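Notes follow the structure.
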Amino acid sequence: MKKEKLAQLLNGRQYGEEMTDEEQLQAEKNGLLVCFGASDDLLEFRGIMSDEAGIYGGGSIFLYKNKDQKFAFLDEPSYDELSATLDQKGLPISLKTLPIKAEWCPEKLDCTWLITTDIPHATFDIYDNEELYCRGIVLKLSDIKNYLKN
């Protein structure tokens, strides 16, 4: 499944019913990461990573690969956190992070959450009844890896 196809499937869903368990498994199997806002303080991740980040009022989350080669995130990476990431010999590794921005009540779009990033992605809209609640994104693992390499 391509990121555009999954975004198309999710587009128009209601808040609280963003993804089924089967869609989450398909996203993971196809190397996709789905990001969307929830409540007034959460950025949700589904697919290759299933987690949530506290982001009250909006801000950026920085995605990276940890020493186990799994994706993780930092709210605001500090030098100490980045230098604490060690390779198998216990030496610090350099970290490139992928920013994912979550805007709360953005001026440019009438919604509660707007999720954006600089790498290629597909977008989808989640509604709360008939009002736009969140514009989320779907990312492909290969695009994430290419971004983190450069």
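The values are calculated or read from the model by the stated rules, or taken from the named source; none is laboratory data. Treat the numbers as computed from the prediction; the structure is a model and nothing was measured. When we count neighbours, we look across all protein chains shown, and the Cβ atoms used for this are built from the backbone with ideal geometry, even at glycine. Quick note on the areas: whole protein, heavy atoms, side chains included, nothing else; ligands and nucleic acids left out. Shrake-Rupley method; radii C 1.70, N 1.55, O 1.52, S 1.80 Å.
Scanning the stretch 36-53 for residues that are touching a Leu at 6+ places or on another chain (Cβ under 7 Å), within 23 Å of residue 130 (Cα to Cα) and open to solvent by 50 Å² or more (accessible area, probe 1.4 Å) returns no hits. Pairing residues of the stretch 9-35 that are closer than 19 Å to residue 129 by Cβ with residues that are open to solvent by 90 Å² or more (accessible area, probe 1.4 Å), at Cβ distances under 8 Å and at least 6 apart in sequence or on separate chains, gives 14/129.
Residues in the stretch 1-56 that are over 11 Å from residue 126 (Cα atoms), assigned to a strand (DSSP E or B) and not charged (D, E, K, R): 10 in all.
When you scan the stretch 27-38, do you find a residue that is among the basic types (Lys, Arg) and at pLDDT 95 or above, even just one? Yes, the stretch 27-38 contains a residue that is among the basic types (Lys, Arg) and at pLDDT 95 or above. Condition check for residue 23 on (1) open to solvent by less than 50 Å² (accessible area, probe 1.4 Å); (2) touching a Cys at 6+ places or on another chain (Cβ under 8 Å): one failure, at (2). Within the stretch 118-136, being among the β-branched types (Val, Ile, Thr) and surrounded by fewer than 21 Cβ atoms within 10 Å (Cβ to Cβ) holds for 119, 123. Taking the stretch 64-122 as the range and being more than 21 Å from residue 147 (Cα to Cα), modelled with pLDDT of 80 or more, in a loop (DSSP other than H, G, I, E, B) and in contact with a Lys or Arg (Cβ under 8 Å, 6 or more places away or on another chain) as the test, the residues that pass are 109, 111. For the stretch 50-63, the set of residues classified as in contact (Cβ under 8 Å) with a residue 24 or more places away in the chain, under 20 Å from residue 145 (Cα atoms) and not β-branched (Val, Ile, Thr) consists of 50, 60, 62, 63, listed by residue number.
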